[in-house]
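Have a look at the structure below before the remarks.
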Amino acid sequence: MRGKAHGLDANDEAVRAVTATGAVLWEHRGHRWHPRKENRSSCRVSDDGRHVWAMLPGPPSSGVWRDDGEFDGTPYQGDEWLGLAADSGRVVARETLGCAAVGGQHLPHADGRHMGLAVGEGQDGLHVYWGRLEEDGLRVWKHEDDYRILLDVHPTGLSYLSYAPPDEIAWHSFPRAHHAQAPRR
């Protein structure tokens, strides 16, 4: 980040850029709507310091559960992945991911343009997303396997490493995942 910002703070309520003394320089408020106290959000500064990538809860669902067990209304559409201007917190781009994270972690790609996002939904799955900020918005694609954890990116940027419980580690070509499973011992 450029300027006076020293670090970032993210929770389910907001992403904040702060100074070394903890003073808030800017804040982007999310859609906190659940009573849970744990932090499901994640953020990271881009390699060039111009943007902050952030995952925050999306807008809440609206409706009610009927007596027959069906939901009547608009269901939760998913958490949001945001590209924010690092100097102001202004939203540059946003995309709804279609997941409800219990936690997540950003991992920058070696090319400095792409960002990886590992999302855990507890018993509902693990997801790997890749994104790139462009002039007209955020381009996002999801790894085809819904039960993988993003671990690392090769220094060349041509592949990335993932883990699928209970014991599968695999390399995938980038940008589209062609799976090369590591041998088991």
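The values are calculated or read from the model by the stated rules, or taken from the named source; none is laboratory data. All of these numbers come straight from a predicted model, not from anything done at the bench. Positions of Cβ are generated from backbone atoms using ideal geometry, with glycine treated the same way; all protein chains shown enter the neighbour counts.
Just a yes or no: is a residue in the range 124-137 in a loop (DSSP other than H, G, I, E, B) and surrounded by 15 or more Cβ atoms within 10 Å (Cβ to Cβ)? No, the range 124-137 contains no residue that is in a loop (DSSP other than H, G, I, E, B) and surrounded by 15 or more Cβ atoms within 10 Å (Cβ to Cβ). Counting residues in the range 160-182 that are in a loop (DSSP other than H, G, I, E, B), modelled with pLDDT under 85, loosely packed, with under 14 Cβ neighbours inside 10 Å and of a type in the set (A, V, I, L, M, F, W, C) gives one or more.
Remark: pairs (first residue in the range 76-91, outside any loop (DSSP other than H, G, I, E, B); second residue of a type in the set (S, T, N, Q); Cβ separation under 9 Å; 6+ apart in sequence or on different chains) = E80/T96; W81/T96; G83/S46. Here the range 64-103 is the region considered, the condition is being among the hydroxyl-bearing types (S, T, Y) and touching a Gly at 6+ places or on another chain (Cβ under 9 Å), and the residue that is farthest from V140 (Cα to Cα) is T74. Within the range 102-111, does at least one residue satisfy the condition of being farther than 21 Å from V15 by Cα, surrounded by 13 or more Cβ atoms within 10 Å (Cβ to Cβ), touching a Leu at 6+ places or on another chain (Cβ under 9 Å) and modelled with pLDDT of 90 or more? Yes, the range 102-111 contains at least one residue that is farther than 21 Å from V15 by Cα, surrounded by 13 or more Cβ atoms within 10 Å (Cβ to Cβ), touching a Leu at 6+ places or on another chain (Cβ under 9 Å) and modelled with pLDDT of 90 or more.
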